[in-house]
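The values are calculated or read from the model by the stated rules, or taken from the named source; none is laboratory data. Here the structure is a predicted model, which is why all the values come from computation and not from measurement. We place every Cβ from the backbone using ideal geometry, glycine too, and count neighbours over all the protein chains shown. Surface areas here come from the heavy atoms of the whole protein model, side chains and all, with no ligands, DNA or RNA. Shrake-Rupley method; radii C 1.70, N 1.55, O 1.52, S 1.80 Å.
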Amino acid sequence: MQQLTGQDAMFLHAEMHGFPMHIGGVSIYDQRTAPGGIVRFKDILSRFQNRVHRSPIFRRKLKRVPLGLDQPYWVDDPHFDLEYHIRHIALPKPGDWRQLCIQVARLHAQPLDLNRPLWQIYVIEGLNNIEGVPKGSFALYTKVHHAAMDGDTGVQFFAAFN
């Protein structure tokens, strides 16, 4: 169990409706470069399942102090569900840049569940009409609550992808 720093707790206290305190990013992958030329969702889940031990962000959630008398603590989530955190969706046809941007904006506008580990990844397929992006490519939209990630934990989190 580790108590949140004052700065990390500030990100929790600053969150309000319409103003979530998470950060996000989009990466686009050409699955033709993968072994066999195809990446399946179950392969992505398996890759993460084998790497969740590499960063504390993946499995820890908040434990609040009764009556809010002190800063919350990070505790291991005994009910961690990887498939809650990594989701698979597709853009409607034709799968253009505008649709990807709208979808990511909608996902980013949704606050993270503060009762679970504070991150989500969306595997987004259907990017078949984006100029310069090979057909069959997919995007990963990643969001992490600012309270859960600082410089060191960010490096651990993103290193787990490799």
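Here is how the numbers come out for the structure above:
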quantity	calculated
Cα-based Rg / Dmax (Å) for the chain	17.0, 54
Electrostatic dipole magnitude of the chain [Cβ: Lys, Arg +1; Asp, Glu -1; Cα centre; debye, to 20]	400
At least 27 Å along the helix axis (C-alpha) and Kyte average at least 0.5, DSSP helices within the chain	none
The chain - percent of accessible surface contributed by carbon and sulfur, probe 1.4 Å	54
Accessible area per residue in Å² at 1.4 Å probe, computed on the chain	58
Over the range 52-127, equivalent-ellipsoid semi-axes from the Cα gyration tensor in Å	32, 15, 8
Long-range amide H partners of Ala90 with built H, under 5 Å	Glu125
